[in-house]
Amino acid sequence: MLPEPIHLKLELEDETVVGVTPIIGYIYRGIEKAGELNPFRNNVFLVERICGICSFTHALCYCEAVEKLMQVEVPPRARFIRLCWSELSRIHSHLLWLGLFADAMGFESLFMQCWRAREIILDISEMTAGHRIIQSTSIIGGIRRDIDKEMAKEVEHKLSDFKELMDNTVSPTVYNDPTIKRRTVGKGMLSKEQANLLGAVGPILRGSGVPLDIRQTGYAAYKETGFEPIVESDGDCYARTIVRLREIYQSRELILKALSLMPEGDISVTVRGNPPEGEMIHRAEQPRGEVVYYIKGNGTRNLDRLRVRTPTFANIPPLLTMLPGCELADVPVITLSIDPCIACTER
Amino acid sequence: MSILTKSRIKSPWLLHYDCGGCNGCDIEVLAALTPIYDIERFGIVNIGNPKHADVLLVTGPVNHRNKRVLRNLYEQMPEPKLVIAVGTCACTGGIFYNCPNTLGGIDKIIPVDVYIPGCAVRPEAIIDAVVIALGKLKEYKG
């Protein structure tokens, strides 16, 4: 349903897949090069548009990398609000994925229900940040918009509506529906050893029983709110679905916790000067897994190098080991189970 | 107005092609199909076959690799055909204006009927653009 240009060249024996070659490069734009041509402050808006689905996490990771390089201390309130927006984008991304996944196995009504629940989250984004998808609220040194008390109350109210809708429609379907189980249980197996060996990230890794999540490192305000990764041990498409579904609930809890713990104070500090000479690496957890930013400053307002390593790129090798041996009809389901984001991968 | 034109306006079929966007506009095109906006109630259907399509929705700045694909899709669509550039990138190249691999704006490759600015565009804007584009169909004699 979501037409992203990736080309998987399959080799078949009757209905069984025996070999697969991925061909990418249809939407390569050259964002990393443009990141060297633009001033470093403008890059925040450029990296947000690497991927429109997890745009806030990209901006957050880039801002934190530059702040670390320039040794800027961000006000605590800004870190808490950044956490809220990054978790909101995780909920909307997971619901979007769940909808598309349902569509891939022909379950049209679940697709519609997921996207219906997702609109509540987008409403919250629009209310707090001013736009549904690409928010452009993170800047170097903090954030641009505050979430005041009234707004926080409204967010809590909408999140309880959201939970009610999820509890009544999406969750019982995913947990109990026999069609979903027949299409996903035991399909696209990836063992714990393989996942580690091939460098899988995000829900694919956690669906295979490895408790690794970059949020454990405590960037933004995850240290204050506390965080435990969600792990399922089966390593099939169903386990990945359950990991993502449980993460939706967990993200909701994290937002509520962050809103209640949020200290008063400024939302940004003025950052003067340019990034000094030096390198910095920063990691963050996107809805799809770990994203790594590498920046190299040279004392001027342009960066020497901006390098991004996105989660889908890391998840393509695991996909290539899952596909051989499966039925042709399972290819869309298994491919979607890694939540591919081609716009991220090719940049 | 011939009966063919009349029925075309009553139920236009969309073809959506992502030629290098960031997914932001693509998910808004999809959001326009789902319960809150639900453009299917106007008879608008999203399909994957250019030979059945009346309206081509294009997102993203076109690049050197997929300009051939875009032209190919456009040429496969039957007359009368409408092209809508969804989002600022598709209109002018937008924020990717200085990226080395983009051409900037799909109107360098195919003729465009309606431009929707915005990053990312809202579903209401997409619905509005489809309605404006269908107004153009009324003048079509064929």
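The values are calculated or read from the model by the stated rules, or taken from the named source; none is laboratory data. Quantities reported herein were computed from a predicted structural model and do not represent experimental measurements. Here Cβ is always computed from backbone atoms with ideal geometry, including for glycine, and neighbour counts include all displayed protein chains. Heads up: the accessible areas ignore ligands, DNA and RNA and are worked out on the full protein's heavy atoms, side chains in. Shrake-Rupley method; radii C 1.70, N 1.55, O 1.52, S 1.80 Å.
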Exercise. Jot down the per residue volume, in cubic angstrom and as a whole number, of the convex hull over the alpha-carbon atoms of segment A:1-82.
Key: 160 Å³
Quiz item: If the limit is 19 Å between Cα atoms, which of A:LYS163/A:LYS257; A:LYS149/A:LYS257; B:LYS10/B:LYS81; B:LYS10/B:LYS138 go over it?
Solution: none
Exercise. Would you mind getting me the FRET efficiency between A:GLU126 and A:GLU193? Use the beta-carbon distance for r and R0 = 41 Å, nearest 0.05.
Key: 0.40
Quiz item: For chain A, what's the relative contact order in percent, using C-alpha pairs closer than 8 Å and at least 6 residues apart?
Solution: 28 percent
Quiz item: What is the set of long-range amide H partners of B:ASN23 at a cut-off below 5 Å, with H atoms built 1.01 Å from backbone N?
Solution: A:GLY52
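Do any chymotrypsin sites (Phe, Trp or Tyr not before Pro) in segment A:1-96 lie in a loop, going by DSSP, with at most 11 other beta-carbon atoms within 10 Å of their beta carbon, and if so which?
Listed in order of number, the matching sites amount to none.
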Practice problem: Determine the dipole magnitude for the protein assembly as shown: charges of +1 sit on the beta-carbon of Lys and Arg, -1 on that of Asp and Glu, nothing else is charged, the reference point is the Cα centre, and the result goes in debye to the nearest 20. | Solution: 1060 debye
Quiz item: Are there cysteines in chain A with no other Cys C-beta under 4.7 Å, and if so, which?
Solution: A:CYS54, A:CYS61, A:CYS63, A:CYS84, A:CYS114, A:CYS237, A:CYS326
Quiz item: Averaged over peptide B:98-104, how many Cβ atoms belonging to another chain are found within 10 Å of each residue's Cβ?
Solution: 6
Self-check item: Residues in segment A:142-167 reached by a label modelled at A:TYR249 [backbone nitrogen below 12 Å; 7 Å Cα→Cβ]
Solution: A:163-164, A:166-167
Self-check item: Solvent-accessible surface ranking, highest first, for A:GLU4, A:GLU264 at 1.4 angstrom
Solution: A:GLU264, A:GLU4
Quiz item: Using helices alone, what [θ] at 222 nm do you get for chain A, with -39,500 (n - 2.57) per DSSP H run of 4 or more residues, divided over all residues and rounded to the nearest 500?
Solution: -15500 deg cm²/dmol
Quiz item: Quick one: of the DSSP bridges fully inside the protein assembly as shown, what percent are antiparallel, nearest 5?
Solution: 65 percent
Quiz item: From the phi of every residue in segment A:139-148, what ³J(HN,Hα) in whole Hz does the Karplus formula 6.51 cos²θ - 1.76 cosθ + 1.60 yield, where θ is phi - 60° and glycine or proline is x?
Solution: 10, 6, x, x, 9, 9, 10, 9, 9, 7
Quiz item: Which whole number in µm²/s is D for segment B:3-137 by Stokes-Einstein, with the Kirkwood Rh taken over Cα pairs at 25 °C and 0.890 mPa s?
Solution: 167 µm²/s
Quiz item: Each residue of segment B:71-77 in order: what ³J(HN,Hα) in whole Hz does its phi give by Karplus 6.51 cos²θ - 1.76 cosθ + 1.60, θ = phi - 60°, with x for Gly and Pro?
Solution: 5, 4, 4, 4, 6, 6, 6
Self-check item: Distance between segment A:297-342 and segment A:139-217 - C-alpha centres, whole angstrom
Solution: 18 Å
Quiz item: Looking only at other chains, what is the average number of their beta-carbon atoms within 10 angstrom of each beta-carbon in B:25-35?
Solution: 6
Quiz prompt | GluC sites (Glu not before Pro) lying in DSSP loop within segment A:36-96, provided at most 16 other Cβ fall within 10 Å | solution = A:GLU73
Quiz item: About its Cα centre, what dipole magnitude does segment A:96-231 give when the only charges are +1 on Lys and Arg Cβ and -1 on Asp and Glu Cβ, stated in debye to the nearest 20?
Solution: 500 debye
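Multiply the residue gap between A:THR16 and A:ARG305 by 0.36 nm, knock off their C-alpha separation, and tell me the result in nm, one decimal place. Provide the component values of the computation, followed by the final result.
Values: separation 289, 0.36 × 289 = 104.04 nm, distance 4.42 nm.
Full-extension gain reported as 99.6 nm.
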Quiz item: Mind ordering A:296-306, B:79-89, A:147-157 by average Cβ neighbours within 10 Å, highest first?
Solution: B:79-89, A:296-306, A:147-157
Quiz item: What ³J(HN,Hα) values, in whole Hz, does the Karplus curve 6.51 cos²θ - 1.76 cosθ + 1.60 give for segment A:272-280 when θ = phi - 60°, with x put for Gly and Pro?
Solution: 10, x, 10, x, x, 5, x, 10, 8
Practice problem: Would you mind telling me the share, in percent, of accessible area of segment A:260-347 contributed by carbon and sulfur at probe 1.4 angstrom? | Solution: 51 percent
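Ballpark to the nearest 100 Å², how much total accessible area do B and A bury together, probe 1.4 Å?
By this definition, chains B and A bury close to 3100 Å².
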Quiz prompt | Label-point gap, in nm, between B:ASN72 and A:ASP266 - each point 7 angstrom along Cα→Cβ | solution = 5.5 nm
Quiz prompt | Nitroxide proxy distance, nm - points 7 Å out along Cα→Cβ at B:SER7 and A:LEU165 | solution = 3.7 nm
Quiz item: Once you charge only the Cβ atoms, +1 for Lys and Arg and -1 for Asp and Glu, what is the size of the charge dipole of segment B:1-86 about its Cα centre, to the nearest 20 debye?
Solution: 320 debye
Quiz item: What residues of segment A:36-50 lose no less than 50 Å² of accessible area with every protein chain in place versus their chain by itself (probe 1.4 Å, heavy atoms only)?
Solution: A:ARG49
Quiz item: Which whole number gives the average count of other chain Cβ atoms within 10 Å of the Cβ atoms across peptide B:62-71?
Solution: 2
Self-check item: Theoretical FRET efficiency, 1/(1+(r/R0)^6), r = Cβ-Cβ of A:ARG41 and A:LEU328, R0 51 Å, to 0.05
Solution: 0.55
Quiz item: In square nanometres, what is the average projected area of the Cα convex hull of the protein assembly as shown?
Solution: 22.8 nm²
